[in-house]
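Structure first, commentary second.
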Amino acid sequence: MNKFVIVEGMDNTGKTTLIQTIIREYARGYSSAKVSLGPNCSRDEQVSWLQMVLSQVDNCGNDLLVFDRFLPICDTVYGNILRDGSIWSLEDPELDKIKNWYNPLIIYCRPNIEKIIGFEDGREQMEGVEENAKKLVEAYDFAMIVLADKGFDILKYDYESALDKKLVEKKIESLLHANGII
């Protein structure tokens, strides 16, 4: 059983809208969103964040926690492309522990690349994102392949696909049933 949900993906892929939908429509108040740390945090801050998050998962009872990105995953993409590297690696034993102990569901928000790199909504992006959008998408695609090969439960999601929306709804409802919430 999945102990929590991670909604991953590059900027401009529908993560925030999906998280709001999960909490409002599917989980009906039995979930809460958690946000990953922003860029430029020290190693100690990142490790402390991860310990705090896993403690929240351990103590959340039957509630479903939904994470807006997950630092050991997203920083391997953003840190390696936009900064001078990441303290995390997709081969990090900590990820293996998380997979084995918590088996999180990863919903990978991945619409068509033109939708992602178009930045049509005019929202301000973190420095370097627009210029490196194609590299970031490719790095995320690669990361999801590596994580799937490690056995992570990954559901690819395109906000323009009615089928993908239905698959997410069914998966979240099955998690809530498994947790005895609905």
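The values are calculated or read from the model by the stated rules, or taken from the named source; none is laboratory data. Remember, predicted model here, so these are calculated numbers, not experimental data. Please note: Cβ atoms are built from the backbone with ideal geometry, for glycine as well, and neighbour counts cover all protein chains shown. Side chains are part of the model used for accessible areas, which takes the heavy atoms of the whole protein and leaves out ligands, DNA and RNA. Shrake-Rupley method; radii C 1.70, N 1.55, O 1.52, S 1.80 Å.
Below are the figures for this structure:
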{"read-out": "Selection status of N62, open to solvent by 10 Å² or more (accessible area, probe 1.4 Å), part of a loop (DSSP other than H, G, I, E, B) and farther than 19 Å from A139 by Cα", "value": "yes"}
{"read-out": "Among the residues listed as A162, A148, the single one being open to solvent by 30 Å² or more (accessible area, probe 1.4 Å) and within 14 Å of the chain's Cα centre (by Cα)", "value": "A148"}
{"read-out": "N100 open to solvent by 10 Å² or more (accessible area, probe 1.4 Å), polar (S, T, N, Q) and assigned to a helix (DSSP H, G or I)", "value": "yes"}
{"read-out": "Any hit, segment 134-141, residues being in contact with a Ser or Thr (Cβ under 9 Å, 6 or more places away or on another chain) and among the small types (G, A, S)", "value": "yes"}
{"read-out": "Pairs with Cβ under 9 Å, 6+ apart, first in segment 154-169 and under 10 Å from R110 (Cβ atoms) and free of Cβ contacts under 8 Å to residues at least 12 places away in the same chain, second outside any helix (DSSP H, G or I) and not aliphatic (A, V, I, L, M)", "value": "D164/K156; D164/Y157; D164/D158"}
{"read-out": "Residue match in segment 73-90 (condition: exposed (fewer than 14 other Cβ atoms within 10 Å of the Cβ), in a helix (DSSP H, G or I) and touching a residue at least 12 places away in the same chain (Cβ under 8 Å))", "value": "no"}
{"read-out": "Top-ranked residue in segment 123-145 [being part of a loop (DSSP other than H, G, I, E, B) and either in contact (Cβ under 8 Å) with a residue 60 or more places away in the chain or touching an Asp or Glu at 6+ places or on another chain (Cβ under 6 Å) (or both); ranked as least open to solvent (accessible area, probe 1.4 Å)]", "value": "V129"}
{"read-out": "Residues located in segment 46-59, provided they are open to solvent by 90 Å² or more (accessible area, probe 1.4 Å), modelled with pLDDT under 90 and part of a helix (DSSP H, G or I)", "value": "D58"}
{"read-out": "Number of the condition not met by T17 [criteria: (1) of a type outside the set (G, A, S); (2) in contact (Cβ under 8 Å) with a residue 40 or more places away in the chain; (3) surrounded by 13 or more Cβ atoms within 10 Å (Cβ to Cβ); (4) over 24 Å from K150 (Cβ atoms)]", "value": "(3)"}
{"read-out": "Selected residue (criterion: farthest from Q56 (Cα to Cα)) from residues of segment 104-117 that are open to solvent by 40 Å² or more (accessible area, probe 1.4 Å) and not hydrophobic (A, V, I, L, M, F, W, C)", "value": "E114"}
{"read-out": "Test: residue in segment 139-151 that is touching a strand residue (DSSP E or B) at 6+ places or on another chain (Cβ under 7 Å), small (G, A, S) and within 30 Å of D58 (Cβ to Cβ)", "value": "yes"}
{"read-out": "Filter result for the condition that a residue is modelled with pLDDT under 85 and β-branched (V, I, T), over I87, I19, I116", "value": "I116"}
